[in-house]
Amino acid sequence: MLKLKFLLPLLIVISALVWWLTPHYSDEDKAYYIAMFCTLTHDGRGNTPQDMQQIIEGSNSDYALQKIHFQRGLGEHLQTVWQDLSPEQQQQAHQDRNSCLRLMSEKLLPGQELQN
């Protein structure tokens, strides 16, 4: 009985910490990163997280009050999703930006349509 009184709160605290420390990305952030990724891919530029970081943080104006900071975890997750696509899907995404948007949003935003 004493073990249960001790273990249950401990388990709840550990679960809350794991949830808190796990990154949570909004659908808006995901859509923004997908659009950026697909634009870089279609234009033939590099689509690595470093390339995305340069674009995102480089577009901040010096006088901006709210600067957009690159979310490395989301950028790396996009790269992982890209690597999981078949070579045919990757080729299709390189050729057509809308196909890229559709393929990536199916993986990251299931059940939602990405606006062009």
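Here are a few things to note about the model shown:
- Residue match in region 40-51 (condition: touching a Cys at 6+ places or on another chain (Cβ under 9 Å), without any contact (Cβ under 8 Å) to a residue 60 or more places away in the chain, in a helix (DSSP H, G or I) and open to solvent by 50 Å² or more (accessible area, probe 1.4 Å)): yes
- Every listed requirement among (1) of a type in the set (Ser, Thr, Tyr); (2) open to solvent by less than 30 Å² (accessible area, probe 1.4 Å); (3) free of Cβ contacts under 8 Å to residues at least 40 places away in the same chain is met by residue 105 save one, (3).
- Residue within region 59-77 that is of a type in the set (Asp, Glu), farther than 17 Å from residue 35 by Cβ and out of contact with any Ser or Thr (no Cβ under 9 Å at 6 or more places or on another chain) present: yes
- Flag for residue 94 being touching a Ser or Thr at 6+ places or on another chain (Cβ under 7 Å), part of a helix (DSSP H, G or I) and either within 26 Å of residue 22 (Cα to Cα) or open to solvent by less than 90 Å² (accessible area, probe 1.4 Å) (or both): yes
- Scanning region 18-39 for residues that are part of a helix (DSSP H, G or I), over 25 Å from residue 94 (Cα atoms) and of a type in the set (Ser, Thr, Tyr) yields a count of 0.
- Top-ranked residue in region 61-85 [being open to solvent by less than 90 Å² (accessible area, probe 1.4 Å) and farther than 20 Å from residue 25 by Cα; ranked as modelled with the lowest pLDDT]: 64
- Test for residue 66: is it in a loop (DSSP other than H, G, I, E, B) and out of contact with any Lys or Arg (no Cβ under 9 Å at 6 or more places or on another chain): yes
- The listed residue being over 19 Å from residue 108 (Cα atoms) and not in a loop (DSSP other than H, G, I, E, B), out of 61, 15: 15
- Residue among 89, 54 that alone is touching a Leu at 6+ places or on another chain (Cβ under 9 Å), open to solvent by 20 Å² or more (accessible area, probe 1.4 Å) and over 20 Å from residue 23 (Cα atoms): 89
The values are calculated or read from the model by the stated rules, or taken from the named source; none is laboratory data. None of these values were measured; they are calculated from a predicted model. Using ideal geometry, Cβ is built from the backbone for each residue, glycine included, and neighbour counts are taken over all protein chains shown. For the accessible areas, the whole protein counts, side chains as well, though only heavy atoms, and no ligand, DNA or RNA atoms are used. Shrake-Rupley method; radii C 1.70, N 1.55, O 1.52, S 1.80 Å.
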